[in-house]
1. Within region A:96-118, identify whether any single residue is within 12 Å of chain B (Cβ to nearest Cβ), closer than 30 Å to B:ALA42 by Cβ, without any contact (Cβ under 8 Å) to a residue 12 or more places away in the chain and open to solvent by 60 Å² or more (accessible area, probe 1.4 Å), and answer yes or no.
2. Restricting to region B:1-13, give me the number of residues that are open to solvent by 10 Å² or more (accessible area, probe 1.4 Å) and in contact with a Phe, Trp or Tyr (Cβ under 8 Å, 6 or more places away or on another chain).
3. Would you tally the residues in region A:134-151 being at the interface with another protein chain (Cβ under 7 Å from one of its Cβ atoms) and farther than 19 Å from A:ASP20 by Cβ?
4. For region A:129-150, which residues satisfy the criterion of being part of a helix (DSSP H, G or I) and of a type in the set (S, T, N, Q)?
5. What are the residues in region B:14-40 that are more than 7 Å from chain A (Cβ to nearest Cβ), over 18 Å from A:THR8 (Cα atoms) and open to solvent by less than 50 Å² (accessible area, probe 1.4 Å), if any?
6. Residues being aliphatic (A, V, I, L, M), more than 12 Å from A:SER133 (Cα to Cα) and open to solvent by less than 50 Å² (accessible area, probe 1.4 Å): count how many of those fall in region A:51-75.
7. Determine, yes or no, whether B:ALA126 is assigned to a helix (DSSP H, G or I), out of contact with any Gly (no Cβ under 9 Å at 6 or more places or on another chain), farther than 30 Å from A:ALA126 by Cα and more than 7 Å from chain A (Cβ to nearest Cβ).
8. Which condition from (1) over 30 Å from B:THR15 (Cβ atoms); (2) touching a Phe, Trp or Tyr at 6+ places or on another chain (Cβ under 6 Å) is the one that A:THR131 breaks?
There are 2 protein chains.
Amino acid sequence: MQQKLEHTIAVLARTPAALDGLLRGLPEAWTLQNEGEKTMSAFDVVGHLIHADRTNWIPRAKWILQFGETRAFEPFSRWGHLRETKGKSLEELLDEFARERSESLRELRALNLQPADLDRRGGHPALGVATLSELLAAWAVHDLTHLHQISRVMAHQYREAVGPWSVYLGVLKCDGHSSPR
Amino acid sequence: MQQKLEHTIAVLARTPAALDGLLRGLPEAWTLQNEGEKTMSAFDVVGHLIHADRTNWIPRAKWILQFGETRAFEPFSRWGHLRETKGKSLEELLDEFARERSESLRELRALNLQPADLDRRGGHPALGVATLSELLAAWAVHDLTHLHQISRVMAHQYREAVGPWSVYLGVLKCDGHSSPR
């Protein structure tokens, strides 16, 4: 389907509650473990989502509206959250993500985007030309990519524990195709 | 890590809230679409999880405690939920899943499993010998497999909409390795 703003917002608005339901109060054996060097734990992912809302999605939407293709977006740092998450608990990050997302969606609605706005083109520093519509769709799928990742990272911790069932459990066959991780 | 009963229960107890946060009230364009013929929508997955709690996990745990390896489990039908979900709304299924899971965990705790029980062996009709510990770990990872699947099925609906961002969005590269789907 094409990007529909209300459908995109419907997903974006639910991610904080989905992650809260999944992660709040879970033992750290699930939330702080990752898949190996330079991979993210569930804790890291929540920090990354906060950082992306702050520095990536709405800022880039405004950038397109202001500059079109004349100036490329600022690059986004995938590990830019590390300084902000240090010393915080997962529960603090979940609260922070809920507030941040709520504020992002308030800003998105305030832009009062019309169909012609959604067709406006911007310049991604690595991907080239992209429309505002594609940016907003990518924001929702970025949430889903990280939900997909968290379920995989958690499942990885029980890779041995499931014994023969591993052949039926698709998540254990997922190689983490995020590129870059 | 090894299966730890309290860690397993911690995941199992959170899945209903995670799915509720993700799916309740979401447009049907997200929840009723699948990835093509003989694949599951988010709606199907919730039905499948209810059906698996009713007919698979706790029944098999009790089966191991009663029969050990002397009698293989009854086979589980992956599409056995179809009759039960017909005519229901996703919201009804989410409520039903929360009740069913709560009841499953009540039954699990009532078994008062000791370490020696977790080492007891049962016979899977296709996988051969498996322990009670492995069964319970597989139950939690089965939840995670389906969360992983729902995020993928939803993302699939926006495959075109994200334009050039598809190269960065790992979930779009996931081929649905569940075996069988």
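The values are calculated or read from the model by the stated rules, or taken from the named source; none is laboratory data. If you're wondering where the values come from, they're calculated on a predicted model, not measured in any experiment. Neighbour counts run over all protein chains shown; Cβ positions are idealised from the backbone, glycine included. Ligands, DNA and RNA are excluded from the accessible area calculation, which covers all protein heavy atoms including side chains. Shrake-Rupley method; radii C 1.70, N 1.55, O 1.52, S 1.80 Å.
1. Looking through region A:96-118, none of the residues is within 12 Å of chain B (Cβ to nearest Cβ), closer than 30 Å to B:ALA42 by Cβ, without any contact (Cβ under 8 Å) to a residue 12 or more places away in the chain and open to solvent by 60 Å² or more (accessible area, probe 1.4 Å).
2. Going through region B:1-13 one residue at a time, the tally reaches 4.
3. Within region A:134-151, residues that are at the interface with another protein chain (Cβ under 7 Å from one of its Cβ atoms) and farther than 19 Å from A:ASP20 by Cβ number 4.
4. Taking region A:129-150 first, the residues part of a helix (DSSP H, G or I) are A:132-150.
A:SER133, A:THR145, A:GLN149 - these are the residues of region A:129-150 that are part of a helix (DSSP H, G or I) and of a type in the set (S, T, N, Q).
5. Across region B:14-40, the qualifying residues are B:THR15, B:PRO16, B:GLU35, B:GLY36, B:THR39, B:MET40.
6. As a first pass, look at region A:51-75 and keep what is aliphatic (A, V, I, L, M): A:52, A:58, A:61, A:64-65, A:72.
Checking which are more than 12 Å from A:SER133 (Cα to Cα) leaves us with A:52, A:58, A:72.
Still in the list and also open to solvent by less than 50 Å² (accessible area, probe 1.4 Å): A:52, A:58.
Of the residues in that region, 2 qualify.
7. Working: assigned to a helix (DSSP H, G or I): no; out of contact with any Gly (no Cβ under 9 Å at 6 or more places or on another chain): yes; farther than 30 Å from A:ALA126 by Cα: yes; more than 7 Å from chain A (Cβ to nearest Cβ): yes.
No: the conditions fail for B:ALA126.
8. A:THR131 satisfies all of (1) over 30 Å from B:THR15 (Cβ atoms); (2) touching a Phe, Trp or Tyr at 6+ places or on another chain (Cβ under 6 Å) except (2).
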